[in-house]
Amino acid sequence: MSERTAPDRPWMMRTYSGHSTAAASNELYRTNLSKGQTGLSIAFDLPTQTGYDPDDKMSRGEVGKVGVPVAHLGHMRTLLDQIPPGQMNTSMTINATAAWLLALYVANAEEQGIPADELRGTTQNDIVKEYLSRGTYIFPPAPSRRLIVDMVAWCTEHAPKWNPMNVCSYHLQEAGATPTQEIAYSMATAIDVLDAVRASGQVSDDQFSQVFGSISFFVNAGIRFIEETCKLRAMTDMWEQIGRERYGVTDAKALRFRYGVQVNSLGLTEAQPENNVQRIVLEMLAVTLSKKARARSVQLPAWNEALGLPTPWDQQWSLRMQQVLAFETDLLEYGDIFDGSTVIEAKTEELRAAAQAELDDVLEMGGAFEAVETLKSRLVSSMAQRTRRIESGDLTVVGVNDFTESTDSPLGGEGAILKVDHAVEAEMVADVEAWRAQRNQAAVDAALIDLRAAAVDGGNIMPPSIALARAGGTTGEWGNLLREIFGEFRAPTGVAGAIGSASGLSEVAAFVKSIPGGPPKFLVAKPGLDGHSNGAEQIAVAARDSGMEVVYSGIRLTPEQIAASARDEDPDVIGLSILSGSHLNLVPVVLDHLKAMGVDIPVVVGGIIPEDDRPRLRKLGIAAIYTPKDYKISTIMRDIAELAIAHRNR
């Protein structure tokens, strides 16, 4: 009997988490680590991601909802209490404020005697995908790229074990990207940043191999797991080719395509959510089966994320999926099981060739940062095609548009999802006010002066950011100062240039044409800091293709701005899109402003809205509520048209 082969070391196992407060999140992290999780993946709340303090009016309703609020060094201390920074590998999903959060992380480690050159981890720091899909950008492209370059250069010199940028194709797929687009746009982003680092003069030619090796990726893996496996094999080959041919990198270790993954959330369904368990497991295979293209770290969503915020038990279930695959199966005892497969090799080459053509096209447009508007329109078009395919039945989604018969699930009920206490916001407001009151204001003021000088004069942004963190500066102070210098950016919506599809909408379009008084005007709006705009964009495209007049100004509008737009535009129906869990906070405020401005128009709401929240919204006067289970976009469009008629006939 042959001896059993010693298995390879498993990938790093993470759970993307954080909510409410730093103390609550720290308890969750330590609990997950005790269950066998081997790395941290920190989810920050929207104010932290967009550079606001909890007491800023822009933070209203968003504090602690989709992640942990970190407004100052005290929060970072609490968040990582009893988690040694010199031993932990920490991933921070942070982009526009990445330099600031890394500064807080470094300052916290220094207090414990751990120098920056011992820190291991990753800052996502991919602002292009924020413009294209996730929406937590702040500054225009040029200064945003400058901040990324500064971080790469600083880490090369002072934190060589830290990955300063995690090029994120994950959210591109969530926004509708095909595998070809996901590969091409992420590679284009990496090239754009690397070219800028080289041109900055902040790193020497001798250091550039190290710089290239420090760039990691964060990818998505959808349900078509054979194609997804080939996608990752193609990315592995393309990244090595880019390193060798464009940058002259020869070190084999630096040329490795190093990536982490969270499997697909776009495909998680509200209808029959138990089916999401097998979806997650199958998608995990795409990033683990091929040794050549295996993920370095994996984090899995929870089965019920389409319903709301998962509980610790749900996260444990996702962690156990990884552990069963890594420690019970024989997967890690073999070499690459796909080597020599003509099917896999042919599909890999097909994807690689298509992605290279798409990448060349982006580079001809001036690169990813220059081509944001075009790429955004392409993604909105791809998502529109996917949406129409689901509605037509061409793309089967089990439990949604086929096999819909179901027995009641025992997994629901009271406590099935985690809800953030609305009192958290007031607690965090009081916390940041107390923090400001007890700090050395003169030291903060001096640090802000140095930060301003670096931003204006072109100095590296990291040293003054770290100094501000040590002095007691806040996320909002860092963000507001740089807003003043760099300005704020409004990313393109992609709606006007998107190629839609009339499939399934022809009957609605004919009905809209017959409406007395002309086609309805539909105002689509996203209040608060929620940047996940895919749903709003698809509703806007569908309304346009149905013949309606559409007003959509993009993300991050205040309730006052939405009400003023409704007053000035005089639409027939207002649609609010909220996916951050802040609907009970934001919807009443929008309605109050509409009333104060004398606007009496039917309002509909869409988003991830738990069942027991819906009666409260209806009681406020909301005309209709739509959630991910409402996949028939033609039905939604007909509803909007009927509401418009009813409004006109009052």
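Name the residues whose placed amide hydrogens come within less than 5 Å of the amide hydrogen of V551, ignoring near sequence neighbours (fewer than 5 apart) on the same chain.
F522, L523, V524
Amide H to amide H, which residues 5 or more places from M165 or on other chains are under 5 Å from it, using H placed in the peptide plane?
Placed amide hydrogens put T123, S216 under 5 Å from M165.
When we measure straight from the Cα of K231, which aspartates and glutamates land under 18 angstrom away, once same-chain ones fewer than 8 places off are left out?
Cα-Cα hits under 18 Å: E174, E182, E240, E283, D336, D339, E345, E349, E350, E358, D360.
Students often get this wrong, so check it: of K35/K629; K526/K595; K129/K526, which have C-alpha atoms separated by over 25 Å?
Checking Cα-Cα distances, K35/K629 exceed 25 Å.
Quick check on the chain: helices-only [θ] at 222 nm, where DSSP H runs of length 4 and up contribute -39,500 (n - 2.57) each and the sum goes over total residues. Nearest 500, please.
-15000 deg cm²/dmol
Could you check the simple spin-label distance between S341 and E157, using points 7 Å along Cα→Cβ, in nm with one decimal?
Reported label-point gap for S341 and E157 is 4.7 nm.
Determine the share of the stretch 512-565's accessible area contributed by carbon and sulfur atoms, expressed in whole percent, with a 1.4 angstrom probe.
That fraction is 57 percent.
Each label point is 7 Å from the Cα along the Cα-to-Cβ direction; what then is the distance between the points at R246 and S409, in nm?
4.1
Which residues in the stretch 137-158 place their backbone N less than 11 Å from a point set 7 Å from the Cα of E488 along the Cα-to-Cβ direction?
In the stretch 137-158, the label zone of E488 (backbone N under 11 Å from the point 7 Å along Cα→Cβ) covers 138-139.
Return the FRET efficiency for the residue pair A437, D81: r is the Cβ-Cβ distance, R0 is 25 Å, and the value is rounded to the nearest 0.05.
0.65
Is the shape of the stretch 281-425 rounded, prolate or oblate, going by the alpha carbon gyration tensor and its root eigenvalues a ≥ b ≥ c, with a/c under 1.5 for rounded and a/b larger than b/c for prolate?
oblate
Would you mind telling me the share, in percent, of accessible area of the stretch 300-422 contributed by carbon and sulfur at probe 1.4 angstrom?
Its accessible area is 51 percent carbon and sulfur atoms.
Of the labelled options (i) 19, 55, 25, 2, 0; (ii) 17, 46, 30, 7, 0; (iii) 15, 40, 30, 12, 3, 0, which one gives P(r) over Cα pairs in 20 Å bins from 0, in percent as computed for this structure?
Answer by label: (i).
Points 7 angstrom from Cα along the Cβ direction at V398 and T311: gap in nanometres?
Using points 7 Å along Cα→Cβ, the separation is 2.5 nm.
Over all directions, average the projected area of the Cα convex hull of the stretch 529-650 and note it in nm².
Computing the convex hull of the Cα atoms and averaging its projections yields 7.0 nm².
With every protein chain kept in place and ligands, DNA and RNA left out, what is the accessible area per residue of the stretch 107-226? Probe 1.4 Å, answer in Å².
27
Cα gyration tensor of the stretch 306-386, axes a ≥ b ≥ c as square roots of the eigenvalues: rounded (a/c below 1.5), prolate (a/b > b/c) or oblate?
Taking the square roots of the gyration eigenvalues as a ≥ b ≥ c, the stretch 306-386 is oblate.
Beyond 27 Å, what share of the Cα-Cα pairs of the stretch 12-143 remains, rounded to the nearest whole percent?
Pairs farther apart than 27 Å: 16 percent.
Multiply the residue gap between Q323 and A430 by 0.36 nm, knock off their C-alpha separation, and tell me the result in nm, one decimal place.
Extending this stretch completely gives an extra 34.4 nm.
For the stretch 533-593, just say rounded, prolate or oblate: build the C-alpha gyration tensor, square-root its eigenvalues into a ≥ b ≥ c, call rounded for a/c under 1.5, and beyond that prolate if a/b exceeds b/c, oblate if not.
oblate
With viscosity set to 0.890 mPa s and temperature to 25 °C, compute the Stokes-Einstein D of the stretch 121-226, Rh being the Kirkwood radius across alpha carbon pairs; µm²/s, no decimals.
173
Roughly how many percent of the accessible protein surface of the stretch 1-145 is carbon and sulfur, given a 1.4 Å probe and a whole-percent answer?
Within the stretch 1-145, the accessible surface is 47 percent carbon and sulfur.
When 1/r is averaged over all different Cα pairs and the result inverted, which Kirkwood radius in Å belongs to the stretch 397-524?
21.6
Write down the accessible area per residue of the stretch 548-650 in Å², having rolled a 1.4 Å probe over the full set of protein chains.
Normalised by residue count, the accessible surface of the stretch 548-650 is 43 Å².
By the scheme Lys and Arg +1, Asp and Glu -1, what is the net charge of all other residues having a beta-carbon under 12 Å from that of P164?
-2
So how do 395-406, 75-86 stack up, highest first, on mean other-Cβ count within 10 Å?
75-86, 395-406
Using a 1.4 Å probe, what is the accessible area per residue for the stretch 283-402, in Å²?
42
The values are calculated or read from the model by the stated rules, or taken from the named source; none is laboratory data. As the structure is a prediction and not an experimental result, all values here were calculated from the model. When we count neighbours, we look across all protein chains shown, and the Cβ atoms used for this are built from the backbone with ideal geometry, even at glycine. Side chains included, ligands, DNA and RNA excluded: accessible areas come from the protein's heavy atoms. Shrake-Rupley method; radii C 1.70, N 1.55, O 1.52, S 1.80 Å.
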